[in-house]
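The values are calculated or read from the model by the stated rules, or taken from the named source; none is laboratory data. Predicted model, so just to flag it, every value in this text is computed and none were measured. Every residue, glycine among them, receives a Cβ derived from its backbone with ideal geometry; neighbour counts consider all protein chains shown.
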Amino acid sequence: MIVAKRKPMGDIAKMVAPYKKVAVIGCRSCVAICLAGGEKEVKMTVSALKVRNRKEGREQQFEALVVERQCEKEWVKEVEDKVKDADLVLSMACSLGAQTIADMYPEKIVFPGLDTGFFGVPEEQGVWSEKCVGCGNCIIHLTGGICPVARCAKSMLNGPCGGSSNGHCEVNLEIECAWYAIHERLRLQKRLDLIEAVMPPKDWSTGHAGGRRTYVREDARLTQHQKKGKEGAQ
Amino acid sequence: MKAGSNLEKVLDSGQFAVTAEIGPPQSANPAPLTHHAKMLRGYADAFNLTDNQTAVVRLSSIASAAIIMREDVEPVIQMTCRDRNRIALQSDLLGASALGIRNVLCLTGDHQIFGNEKGAKNVFDFDSVTELSVFNTLRTEGKQVGGEVLKDPPKVYLGCAENPFATPYEWRGARLAKKVAAGADFVQTQAIFDMDMFEKWMDDVRGRGLDKKVHILAGVLPMKTAGAARYMKNKVPGMIVPDHVIDRMKNAKDSKEEGIKLCIEQIEHLKTIKGVHGVHIMAVMWEDMVPRIAKEAGLLPRPTFE
């Protein structure tokens, strides 16, 4: 999932202050699970902004909305009227949701209410951690199911470095050393031979280093005819 | 002979080698480098010029090397993977070789969070092992990572660092083996304070036959105070300082003197360990002490070659 956190309320209030009608739009997917931009967080944000406005004598109209998945146009369409009616959209989805709305309605001003962090997983109640950087060429079959690109602070392929301290990362002693964990996992599986050989330089061109990525599945695309039919149905 | 550096000659001749460090200044002034080069000439076989160590911006390692070479002092440049991608690393290696620099230490590099530019974007296109393998291929076959073959490959003697005191301990020998397989000619270890643990690591290293394939230079670091010892024990990840060392520093009348004595004793001990081919003296911010340590540890005179 995509893990995000809400921007500080003071920052959000400052961003939205110049606009009269503000549509605050959340998302029921990842950001709801990471307690950043689901229905509850949207309502809380709107309440907090209203309280500030009362204190500061500012008048603004807020519309609290949530869509199923803000990164998909079909779901955003459901709130199109509200988007069109607003002076500003404050997206409480990840940056993908915010950009989807911004791309669909180029004349609309769309601001991010969240800071999008990473691809991660919920570890326990209230704790999320990064596990993937989307390098486009997965290697975890070689590293015991643990990604060193995402989980090692230096993305080492031949770790651990000399700063691995009691199994923890030198950059943050609260975090496990990814390579220590890889070693322990492969030792358990009796597969340490996997990391004995020198791992060659990685080709980063499959990741963001290669420029913005677009994946196309020709077999899944609609034909011109199908596209027309779909437009007609709407 | 791979590169013909003085360090390579000393090690190949089977003599106990000595390397030390000269820390580049946090300024554009070359004078401290020239000063240290003049003061230290003849007290070690080659001197490491750190590469923005602990991610603090300093005069660059390659430029520092060029400056001390004017004083007829041999450099070991350090090249970390933190700040340069494969284009810059390979380019700098060619440049260093063209300047006459013959010793290169390959390092992954300290994370920028420790330094004075915490907002920096790091690179880490390689780690130290991939860096070694790429540089080794470049020097032996003239071939770049991307496959292009160069007419005049760089002439360099390749080194690396290894820390016997980082976890998992049982993997540290295997990791050195990877570096040797990648092309390391010599290795400088992390500063040793726990001699028993170092001996254990050396047992593993010899067991793997690595002492026959790579020259091991054992790292020593003279300490000035008990506070410094405690700091390294508690605050520097991957550093082990036993309590008896801290106590010895604490109980000493003159802790600086004790630090030097301890360092000399360590060198004497290291000389007796099979497979240790030299020492690397890291007198951080205390370069002036290198001549005395070298002299009193019986490391002088340093060999010279025609």
*Those helices (runs of 4 or more DSSP H) lying entirely in the stretch A:4-60 with at least 3 residues without any contact (Cβ under 8 Å) to a residue 12 or more places away in the chain*: A:9-16, A:39-56
*Is at least one residue of the stretch A:210-233 under 17 Å from B:Lys179 (Cα atoms) and among the hydrophobic types (A, V, I, L, M, F, W, C)?*
no
*Could you list, in sequence order, the residues of the stretch B:116-133 that are among the acidic types (Asp, Glu) and in a loop (DSSP other than H, G, I, E, B)?*
B:Glu117, B:Asp125, B:Asp127
*Working only within the stretch B:115-135, note down all residues that are of a type in the set (Gly, Ala, Ser), within 11 Å of chain A (Cβ to nearest Cβ) and out of contact with any Cys (no Cβ under 8 Å at 6 or more places or on another chain).*
B:Ser133
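Yes/no matrix, rows are residues, columns are (1) in contact (Cβ under 8 Å) with a residue 24 or more places away in the chain; (2) outside any loop (DSSP other than H, G, I, E, B); (3) more than 16 Å from the chain's Cα centre (by Cα):
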site	(1), (2), (3)
B:Ala44	yes, no, no
B:Asn48	yes, yes, no
B:Leu59	yes, no, yes
B:Glu71	yes, no, yes
B:Gln78	yes, yes, no
*Return a yes/no flag: does the stretch B:50-57 have any residue that is closer than 23 Å to B:Gln112 by Cβ, away from chain A (no Cβ under 14 Å) and of a type in the set (Asp, Glu).*
yes
*Restrict the check to the stretch A:57-64 and report whether at least one residue is more than 30 Å from A:Trp128 (Cα to Cα) and among the acidic types (Asp, Glu).*
yes
*Go through the stretch B:136-161 and count every residue that is within 13 Å of chain A (Cβ to nearest Cβ), under 20 Å from the mean Cα position of the chain (by Cα) and surrounded by fewer than 24 Cβ atoms within 10 Å (Cβ to Cβ).*
2
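Modelled with pLDDT of 95 or more and touching a Pro at 6+ places or on another chain (Cβ under 8 Å): does that describe B:Met197?
Working: modelled with pLDDT of 95 or more: yes; touching a Pro at 6+ places or on another chain (Cβ under 8 Å): yes.
Yes.
Give the stretch A:188-213 a look and list any residue that's farther than 25 Å from B:Asn122 by Cα and of a type in the set (Ser, Thr, Tyr), or say none. Steps first, answer last, please.
The first filter runs over the stretch A:188-213 and keeps only residues farther than 25 Å from B:Asn122 by Cα, leaving A:188-194, A:196-197.
Within the stretch A:188-213, none qualify.
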*With respect to the numbered conditions (1) assigned to a helix (DSSP H, G or I); (2) modelled with pLDDT of 95 or more, which one is the sole condition not fulfilled by B:Met223?*
(1)
_the stretch A:67-84 residues that are modelled with pLDDT of 95 or more, paired with ones that are of a type in the set (Asp, Glu) (beta carbon under 7 Å, 6 or more apart)_ = A:Val67/A:Glu78; A:Trp75/A:Glu68; A:Lys82/A:Glu63
*Filter the stretch B:166-181 down to residues that are of a type in the set (A, V, I, L, M, F, W, C), within 19 Å of A:Ala178 (Cβ to Cβ) and either more than 7 Å from chain A (Cβ to nearest Cβ) or buried (at least 20 other Cβ atoms within 10 Å of the Cβ) (or both), then give me how many there are.*
2
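Yes/no per residue for (1) within 8 Å of another protein chain (Cβ to nearest Cβ); (2) on the phi < 0 side of the Ramachandran plot; (3) of a type in the set (Ser, Thr, Tyr):
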position: A:Pro148; (1), (2), (3): no, yes, no
position: A:Glu170; (1), (2), (3): yes, yes, no
position: A:Tyr180; (1), (2), (3): yes, yes, yes
position: A:Met199; (1), (2), (3): yes, yes, no
position: A:Ser205; (1), (2), (3): no, yes, yes
position: A:Thr214; (1), (2), (3): no, yes, yes
position: A:Ala220; (1), (2), (3): no, yes, no
*Report yes if some residue within the stretch A:159-166 is in contact with a helix residue (DSSP H, G or I) (Cβ under 8 Å, 6 or more places away or on another chain), within 14 Å of chain B (Cβ to nearest Cβ), surrounded by fewer than 20 Cβ atoms within 10 Å (Cβ to Cβ) and in a loop (DSSP other than H, G, I, E, B); otherwise report no.*
no
*asked:* Which condition from (1) in contact (Cβ under 8 Å) with a residue 24 or more places away in the chain; (2) more than 30 Å from A:Ala64 (Cβ to Cβ) is the one that A:Ala153 breaks?
replied: (1)
